[in-house]
1. Is segment 87-143 rounded, prolate or oblate when judged by the Cα gyration tensor, a ≥ b ≥ c being the square roots of its eigenvalues, rounded requiring a/c under 1.5 and prolate requiring a/b larger than b/c?
2. Under 4.7 Å Cβ to Cβ, no partner at all: give me those cysteines from the chain, in residue order.
3. Could you tell me the distance between the Cα centroids of segment 402-477 and segment 65-84, to the nearest Å?
4. For Val89, Val143, what's the fewest-to-most ordering of other Cβ within 10 Å of each Cβ?
5. If you line up the long axis of helix 354-364 against the longest principal axis of the chain, both from Cα atoms, how many degrees apart are they, to the nearest 10?
6. Expressed as a whole number of Å, what is the distance separating the alpha-carbon centroids of segment 518-538 and segment 202-244?
7. With both partners inside segment 172-321, how many of the DSSP beta bridges are antiparallel, as a percent to the nearest 5?
8. Find how much the distance from Glu470 to Glu371 grows on full extension, using 0.36 nm per residue of separation minus their present alpha carbon separation; answer in nm with one decimal.
Amino acid sequence: MKRRHDMPFGAACLDDGSIRFRLWAPAAQKVELLVEGSKGSWQSALSPLDQGWFELVTGRAVPGDRYSFRIDDGQQVPDPASRFQPGDVHAPSEIIDPNAFDWRDEAWRGRPWEDAVIYELHVGAFTSLGTFSAACDQLDHLVDLGVTAIELMPVADFPGRCNWGYDGVFEFAPDASYGRPEDLKRLIQAAHHRGLMVLLDVVYNHFGPEGNYLNSYAPQFFTARHHTPWGNGINFDGKHCRIVRDFFIHNALYWLNEYHFDGLRLDAVHAIADDSNPDILTELAETVRKSITPDRHVHLVLENERNQAKRLRRTQDCNPRTYTAQWNDDIHHALHVLITGEQDGYYMDYAVRPLEQLGRCLSEGFAYQGETSVHENGRARGESTAGLSPTSFISFLQNHDQIGNRAFGDRIVNIAEPAALRAAIAILLLAPAPPLLFMGEEFGAETPFLFFCDFEKDLAAAVTAGRRNEFARFTSFSDLSERERIPDPNAPSTFAASRLDWNAVTEPGGKAWLGFYRELLTIRRKHIVPLLSNTCVPKARHEARRDGLLSACWRFGNNSELTLVANLSPSSLQDLQLPSAPIMYSSYSGSSSQDGRGVGLNRGKLPPWSVVWMIQP
């Protein structure tokens, strides 16, 4: 089976064997094509078209040739819509023929969202080799764990040998350090053969600071009317914005169709400035929904600090109108404060009522639904989540940000008490909201995940200084000598230290953690997923007490009831009036109960950091 997404830009292999080159360069007077390939080195002028487009159709170029554009007899630049950059961001692009790959997963239609158990990974740090091909070797481990979807941190080509991926500059080109385009396609196909969905992080709020040449020949791609943390905003709502919007909409369709990804996670959409109606996020989602065949499951996920519930609304038959779900930072922050006691930075917004906020996340989705944020100087944050499905909110205790944005990349296993950590995991993995794990979490990995990159010299020094200065406001880093201990993002040792150590899986501690995760995900698959398949919006409520008792209940359409009772404190709770429903899981027995009742519950007692899940059919 062949898959090709046709685009109005880039190098396209036409059915007659010729190649069409197309570049939008409205600030250029002249554009030439330079080719290095099987027929030697040659060059040819592109014809100017309307609205700043330049085009050339030729039979001299073939797939595998490398090409670049020369602007006004001066600067030589790669193709911004390049499908592959074998020599990195400053080198020529390579012509890729999508039809050269023979897909063998034509029966795959994805999985419904209620099945989702997501595993986030960084391709370069996931294995010792750090490639798409090496990642294939761990897919069976993920299936055995109970994962149903892997989420790749951004793979769009970035400068240097390593990067988190959020500094990509070639949105259509998988980074060459991970392998070739066909290697990524083989990874996706291998995942599909095992029943795994594959999601991809994409970055539509900015381009990285090195290797982006658009400003030199298409400055209209950006606008000074909007400002972002990275400089001028992308022009989604001014003159020439139609071409800019199409660039990103085609990018989404390209990954979903040509690469057969099962979904996209859009990074930090709160940093996208767009005053048009519909805005780019709405138009992109609506275009995707209209273009995907009805029998295929495709999921669009947001990272959005604004907690815009309106983007998560469902149709009457519970299908997403635009976006499927959002990463729920609120539930992470509340849980993190509860089990670590940390209150710095954004955690200050969860320092006073973390248990109540956790309960609200479990029963309603967001903790902030219009309340003011102390951390953001009194700004109101969020919208009402009334009527939203619990599957609209992705829960996690770890992800790349929450580990990597710590000075030393500390994982939660290194900073929380084991009993408290196990309680938090038991809550997240069995609650209705789909859970997300970060690579290695399932076996208690202690390897850090640090911030790493590989920029050119001057930019590298600025990034290192900026990274260390970020922590100047923290008491423990008020001294310059302490900040200098923070690992240099550009040092090879920083990336090397972030690579996952798979030897930990075979150690006693790793085996114990792995068994714990497997047990909980088995229970989720058996008991929770059928409930989610039955009801779009269950009736939910919660109660949080000052002594650490948290309870939450969800009633589903078939009158099944799921109940959580947890003691999230270091002290035992006595003389409790507890439900009499059959126990699905209890942390102090370490497994699901066969007789339907636990000794502690019978006596109205909950030990410290204990979690009990009950289900009444």
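Readers should treat all values here as calculations from the given coordinates under stated rules, not as data from a laboratory. Please read all numbers here as calculations on a predicted model, not as lab measurements. Heads up, the Cβs are rebuilt from the backbone with ideal geometry, glycines too, and the neighbour counts pull from every protein chain shown.
1. oblate
2. By the Cβ distance rule, which asks for a partner under 4.7 Å, the isolated cysteines are Cys13, Cys136, Cys162, Cys241, Cys361, Cys453, Cys553.
3. 38
4. Final ranking by Cβ density, sparse to dense: Val143, Val89.
5. 70
6. Rounded to whole Å, the Cα centres lie 43 Å apart.
7. Antiparallel bridges make up about 40 percent of those DSSP assigns within segment 172-321.
8. Separation in residues times 0.36 nm, less the Cα-Cα distance, equals 33.0 nm.
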